[in-house]
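Visitor: The structure that follows is given in the form of structure tokens.
The values are calculated or read from the model by the stated rules, or taken from the named source; none is laboratory data. None of the values given here were measured: they were computed from a predicted structure. Here the Cβ positions follow ideal geometry from the backbone for every residue, glycine too, while neighbour counts run over all protein chains shown.
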Amino acid sequence: MATPGTYYIDTNSFSTAMSVYTDAALTTCATDGFYQIGRISRQQVNCVLLPPEACPSCTPEPTPVAPLPTNNAYKVIKVSDQTVGHVVLDTAFSVDEKITTDIDSSGICWLIDSLAVNATTSVITGACNVTPTPPTVYYSLSICPGVAPNSAKPQLFTSLPPNVTSLNQRYYDPTFDVFYIYDNSPGTITPTQGLVSNDLEVITSAFDCPALPTQYNYWNAQECDDPNNTIIFQAPLTQAFVSGTTAIKISGSNICYTVLTGTNTVDDSNVFATDETNCETCNPTPPEPNGFIVSRTGVPDNKVQNNVSSPRSEGDTAITSIDSECWTLGAPIVTATANSIVSECPTIVPCTTYVLKANTNQNATFTYTRCDGTSITVIVLNTNTTEVCAKTDTVVQADPTIGNFSAGTSCNQAQLSQPYDFYTAVACFGPLTGVPITIIRVPTGRVITANQTSVKLNNTCLFITGTSNTEVVGNDPTDIFPNCSTCVGTLCCSAFVTFNNNTSCDTTSPAGWIQYTGTTVESRLDLAVYLYTDAASWIAQNTNYADPGWYTQVSGVGVLPSGVPISRYWDGVKFTESISCLPLQNLTATLIGPGGTSGIDNQITGGNRQEAYNLLGDKSGDVKGFQTGDAVLFSTTVEIIPPYVGVNINVANFQIAAPPGIQDNVFGVTVITGQVSIPTPAGTYYMTFQSCNGIFYNMQNASGQTVNNLFLISMKVKAFNGVICATLISQTQTKPAGWVLSEGMTGVFSSVNNCNNSSCIVANNLGL
């Protein structure tokens, strides 16, 4: 008789249960034997239930037992080793899903096998993410040219990755002793069946196919200048000749040979070097001389073409286009120079050396003509003499009682240089200031500046006012100074002035010559520092100064350039105030150039007005009123119109900074300079990326990114339209040599953490 009891099964149906247990935790298997629920009977052997069998109807029904508890757990099986466990039922997951649990360490995958009743406290911690194994990528290879066995395939696919630091990675097939190169195409996961081979060697340091050994033909040839001298020479198979015409040279020789016929005789002693059309082009006849080396004293030699219509000979002289001077023709040469013979050299003008002399206590004036045609006047001071080179019979001295001259030997162009320069000079100070008094001569090469340099002549200080076309003999300064102050020392200056105790610009009360210490070589009251009423105090430089009051300079160098008097107040120790004596009057300043030209000189380049910029403020023809004593400044400005920008924009507005000396209305020009342009966009970056599959891509972008970061990059290549994951390995704003933009690369989207990003998986699987 069957014995009733309480047992536990691992499903909610006895027909589908796998085992019978004695505990609710399903950890202890029931004893082997037959078990029955209702009319279903099953035998358990080694904790495994055998297929169900129907019981005969005569079998008495077992005494009813308590109903099975409701399923509260899942039976789970560890994927790695089929270990069985249980977790609390979680409706977020279902049978046949893979999960992670807290039964063991995080990340271990379990399979939900079935519902169960179990007192477990273990729970599901999440879904199991299984990283798909990327498919194998194959690379297309092409066989290198050369002699190869018939069984060697012209194309292969291999999963051995190339070194992509350069193009055309080289592979070696030891089976057939042939080389292949990577064709640089993207890898594929679907190689052609029957063409896959991994029995290759990647020659990581070699690229491109190895050079094929050169093969040669052999030829007969005879020397161009000696038909009896023949040779056999080798030449590459690819070298073509025209038999009986082509001329060649062999290595290590300049002899020309005519190529005759090919030969089967092998002779490697003569190696082909160069070829020409024929013997004449190989060894052309030397050209006839067509010019000369030319020379001229004091300059380097040069070259010149001969005159075909009027040939010259070595030793002739001629005017050339080099510098319009006379040159001597030297040795004949072959030349391609553009210099030419222009004409014959001119006839040399006969010149004679003359000695000019002034009699005692007389200054004699002479005139003569130099050999170059220049008319000269020279003054010879008493008892002095000078020697000149003059055109023969051109020296003139009208009064032989004042001076005389005598002719000497002939002279030439080289003797025309004059060792002196000549200047006009005036007294440094005093009543004679500003009145030219004499002509002086100074040795050529001395630094002389008009209205600044001072010289001492006969113990008198003079300042130079300009150059002179009249020469003089005898007025030779003993010393040269940078200015009059240096020449005269503390004895500087004097001025003719008027004086009034209380009133400025009084020009009716003359005070005479006032001595003062100044800072300039001129007699200028406006530059005086100390004022004296007597020369003795001035010379002594003591404190016996002039009386206080207003002093006005009414004439001479010290007034304003317009001739307007200047008045200064002397307080007995120093000057305290200076004013112009020009009465106030209403004047105008007009923005217009001389002769009525535009008052705006617009020199801006790079764009048009009203498109790139506008001119604001004062415009051409505008007028500003002022009184003497006022400063005047026009206010033209430049407004740049975006997107243009201005570069070095400068507006030099017409202004009158010190108009007191102006007595008439004035006109002027505002000058505007600079450039406008539309700025170029931000710099272009040339980037190189390496995808997660090791493929290199080049992309151009308007902004830079962080090197060594991983990015999602948009890509559209043939059928693929999506993103790839790639690391930025380099970027520069200068386009690298050999850099070529990759197909379909359009932009950087965002950074990612790793190549297993879900957005990258499709591209990874395609080998991109």
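Visitor: Within the range 731-768, can you find the residues that are of a type in the set (A, V, I, L, M) and either surrounded by 16 or more Cβ atoms within 10 Å (Cβ to Cβ) or modelled with pLDDT under 80 (or both)?
Guide: Matches in the range 731-768: MET745, VAL748, VAL752, ILE761, VAL762, ALA763, LEU766, LEU768.
Visitor: Looking at the range 588-598, can you tell me whether even one residue there is of a type in the set (Val, Ile, Thr), surrounded by 18 or more Cβ atoms within 10 Å (Cβ to Cβ), within 34 Å of the chain's Cα centre (by Cα) and modelled with pLDDT of 85 or more?
Guide: no
Visitor: Being out of contact with any Asp or Glu (no Cβ under 9 Å at 6 or more places or on another chain), on the phi < 0 side of the Ramachandran plot and surrounded by fewer than 14 Cβ atoms within 10 Å (Cβ to Cβ) is the filter here; which residues of the range 197-208 pass it?
Guide: Those that are out of contact with any Asp or Glu (no Cβ under 9 Å at 6 or more places or on another chain), on the phi < 0 side of the Ramachandran plot and surrounded by fewer than 14 Cβ atoms within 10 Å (Cβ to Cβ): ASN198, THR204, SER205.
Visitor: Filter the range 213-243 down to the residues that are among the hydrophobic types (A, V, I, L, M, F, W, C) and outside any strand (DSSP E or B), then identify the one that is modelled with the lowest pLDDT.
Guide: For the range 213-243, the residue satisfying everything is LEU237.
Visitor: Is at least one residue of the range 82-100 modelled with pLDDT under 85, outside the structural domain of CYS755 (by TED's automatic domain parsing) and loosely packed, with under 12 Cβ neighbours inside 10 Å?
Guide: Looking for residues that are modelled with pLDDT under 85, outside the structural domain of CYS755 (by TED's automatic domain parsing) and loosely packed, with under 12 Cβ neighbours inside 10 Å, one finds none in the range 82-100, hence no.
Visitor: Are any residues in the range 116-139 buried (at least 18 other Cβ atoms within 10 Å of the Cβ) and not in a loop (DSSP other than H, G, I, E, B), and if so, which ones?
Guide: Residues satisfying the conditions are ALA116, ILE124, TYR138, TYR139.
Visitor: Quick check: anything in the range 329-343 surrounded by 14 or more Cβ atoms within 10 Å (Cβ to Cβ) and either more than 49 Å from the chain's Cα centre (by Cα) or under 30 Å from TYR368 (Cβ atoms) (or both)?
Guide: Checked the range 329-343: no residue is surrounded by 14 or more Cβ atoms within 10 Å (Cβ to Cβ) and either more than 49 Å from the chain's Cα centre (by Cα) or under 30 Å from TYR368 (Cβ atoms) (or both).
Visitor: Tell me, which strands (runs of 3 or more DSSP E) wholly within the range 140-183 include 1 or more residues that are small (Gly, Ala, Ser)?
Guide: Here the list is empty.
Visitor: Take the residues of the range 358-377 that are surrounded by 18 or more Cβ atoms within 10 Å (Cβ to Cβ) and over 60 Å from the mean Cα position of the chain (by Cα): which is farthest from ARG441 (Cα to Cα)?
Guide: Across the range 358-377, the extreme among qualifying residues is TYR368.
Visitor: Only one of these conditions is not met by LEU111: (1) aliphatic (A, V, I, L, M); (2) touching a Phe, Trp or Tyr at 6+ places or on another chain (Cβ under 8 Å); (3) assigned to a strand (DSSP E or B); (4) without any contact (Cβ under 8 Å) to a residue 60 or more places away in the chain. Which number is it?
Guide: (2)
Visitor: Here is a follow-up. Check whether at least one residue in the range 717-728 is modelled with pLDDT of 85 or more, surrounded by 12 or more Cβ atoms within 10 Å (Cβ to Cβ), closer than 24 Å to VAL164 by Cα and under 29 Å from the mean Cα position of the chain (by Cα), and report yes or no.
Guide: Checking the range 717-728: at least one residue is modelled with pLDDT of 85 or more, surrounded by 12 or more Cβ atoms within 10 Å (Cβ to Cβ), closer than 24 Å to VAL164 by Cα and under 29 Å from the mean Cα position of the chain (by Cα).
Visitor: Another question about this same structure. Which ones in the range 87-102 are within 13 Å of CYS128 (Cβ to Cβ), assigned to a loop (DSSP other than H, G, I, E, B) and in contact (Cβ under 8 Å) with a residue 24 or more places away in the chain?
Guide: Matches in the range 87-102: PHE93, GLU97.
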